Amino acid sequence: MKKAHDRIKEEDADKKYRGSIIGISSPGCNTSFKITPGYDMPGSGKCVMEYSIRLYALRAAKYGINCNVIIPGITRSDAWGKIAEKRGATCDQFLAKMAGVIPMGEVIEATDIGDTVKFLAGSGGGRFMTGLSLRVDAGLHLK
C-alpha cells in the first residue's frame with residue numbers, strides 16, 4: 001500500500017477516491033455452503049482472499065481505496081457448458097434446471113457481475129463500501 005500511495009501524484013492529493021481492489025470468489029468457500037470434498041485447494045485460496053481483502057480494506061481506506069469481494073452465484077459460462085455436456089445436456093438445459101434451485105429463479109449473467117464491479121469501482125455510493133464479501137447470487141446463499 002505504501003508504494004501505491006507514494007505513486008499518487010501531488011496534483012491528485014486533494015482527491016478523496018483513488019481506486020478499488022475487487023476480488024471474485026465463489027460460493028463454495030464460505031460458511032453458507034456445505035463442505036465439498038475435492039474443492040479444498042480452490043476453496044482454501046478463496047477463503048484466504050476473502051479474509052485478506054478485509055485486511056487490505058483497513059490499510060487502503062486512508063489512501064481512498066475501497067476493497068471488496070464479489071461472490072457470484074451460478075453464472076452462465078463455458079464452465080457450466082462443459083459440466084452440462086458431461087451430463088448429456090446442453091448448457092441452456094442444464095442452467096434452466098439449476099435456476100430451479102435459486103430463490104429468484106434465474107442464473108447470473110457475466111454482465112450482472114460486471115455491473116456490480118462497476119458500482120463498487122464507480123464514483124457513486126459503491127466507493128464507500130469496503131471490506132465486504134458481497135453475494136451476487138439471486139438468493140442462492142439462502143438455500
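The values are calculated or read from the model by the stated rules, or taken from the named source; none is laboratory data. Note that the structure is a prediction, hence the values are computed from the model and not measured. Reconstructed Cβ throughout: ideal geometry from the backbone, glycine too, with neighbour counts over all protein chains shown. Heavy atoms of the whole protein, side chains included, go into the accessibility calculation; ligands, DNA and RNA do not. Shrake-Rupley method; radii C 1.70, N 1.55, O 1.52, S 1.80 Å.
For this structure, a couple of remarks:
- Per-region count, region 100-120, residues in contact (Cβ under 8 Å) with a residue 24 or more places away in the chain, closer than 18 Å to residue 78 by Cβ and in a helix (DSSP H, G or I): 3
- Qualifying residue in region 76-99 (condition: hydrophobic (A, V, I, L, M, F, W, C), touching a Pro at 6+ places or on another chain (Cβ under 9 Å), open to solvent by less than 40 Å² (accessible area, probe 1.4 Å) and at pLDDT below 95): no
- Boolean, residue 61 is modelled with pLDDT of 70 or more and open to solvent by less than 50 Å² (accessible area, probe 1.4 Å): no
- The single condition from (1) out of contact with any Ser or Thr (no Cβ under 8 Å at 6 or more places or on another chain); (2) under 30 Å from residue 18 (Cα atoms); (3) at pLDDT below 95 that residue 71 fails is (1).
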